[in-house]
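Colleague: One structure is given below, represented as structure tokens, and several questions about it will come after.
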Amino acid sequence: EDTGEYSCDTGDQETRAALSVKALPVLFQKQLKDEEAEEGSSVKFQCELTKDNAAVEWRKGTMELFPCAKYQIKLSGHTAELVIHNVEPEDA
């Protein structure tokens, strides 16, 4: 968001320069860990990113997961979290 043209003006003269900011990639600082849970319980997956509030997608296999009664998805600062409620054998 800092990319753009900047200038300095004295009233009689002006100088301009462009700023181009190359965004760094979002990396995982803390990876997901394998979990075990009893049927009917809840399980939480959590990972830590190098950037605040980065766009993330949660997936089970190739299926993208969305917030609903079963899946609670949170993104707070550097931490992305998925809670699966009322787990069933099909959730493995």
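Colleague: Heavy atoms only, probe 1.4 angstrom, no DNA, RNA or ligands counted: give me GLU5, GLU35 ranked by accessible area, highest first.
Modeller: Working: GLU5 120, GLU35 95 Å².
Of GLU5, GLU35, the descending order of accessible area is GLU5, GLU35.
Colleague: Right, something else. Which FRET efficiency value, to the nearest 0.05, do you get for GLU36 and VAL56 by plugging their Cβ-Cβ distance into 1/(1 + (r/R0)^6) with R0 = 25 Å? It would help to have the intermediate numbers written out before the result.
Modeller: On the way: r = 23 Å, r/R0 = 0.94.
Efficiency, from the Cβ-Cβ distance: 0.60.
Colleague: Top mean-square fluctuation among LYS30, LYS51, LYS22, Gaussian network model of the chain, C-alpha springs under 10 Å?
Modeller: LYS22
Colleague: Also, quick follow-up: Output wanted: per-residue J couplings in Hz (rounded whole) for the stretch 84-90, from phi through Karplus 6.51 cos²θ - 1.76 cosθ + 1.60, θ = phi - 60°, x for Gly and Pro.
Modeller: 9, 8, 6, 4, 10, x, 5
Colleague: Accessible area of LYS33, 1.4 Å probe, to the nearest 10 Å²?
Modeller: Roughly 130 Å² of LYS33 is accessible to a 1.4 Å probe.
Colleague: Give a residue-ordered list of calculated ³J(HN,Hα) values for the stretch 66-72 (Karplus: 6.51 cos²θ - 1.76 cosθ + 1.60, θ = phi - 60°; whole Hz; x for Gly, Pro).
Modeller: Once θ is set to phi - 60°, the couplings for the stretch 66-72 become 10, x, 6, 4, 7, 10, 10 Hz.
Colleague: Please work out the FRET efficiency for the pair GLU81 and ASP2, using the Cβ-Cβ distance as r and a Förster radius of 35 Å; give the result to the nearest 0.05. It would help to have the intermediate numbers written out before the result.
Modeller: Details: r = 29 Å, r/R0 = 0.84.
Approximately 0.75, to the nearest 0.05.
Colleague: Further question on the same structure: What is the projected area of the convex hull of the Cα atoms of the chain, averaged over all directions, in nm²?
Modeller: On the way: hull surface 35.1 nm².
For the Cα atoms of the chain, the hull's average projected area reads 8.8 nm².
Colleague: Same structure, new question: Given springs between every Cα pair under 10 Å in a Gaussian network model of the chain, which of GLY61, GLY11, GLY77 has the largest fluctuation?
Modeller: Top of the fluctuation ranking is GLY11.
The values are calculated or read from the model by the stated rules, or taken from the named source; none is laboratory data. All values reported here derive from a predicted model rather than from experimental measurement. Neighbour counts run over all protein chains shown; Cβ positions are idealised from the backbone, glycine included. For the accessible areas, the whole protein counts, side chains as well, though only heavy atoms, and no ligand, DNA or RNA atoms are used. Shrake-Rupley method; radii C 1.70, N 1.55, O 1.52, S 1.80 Å.
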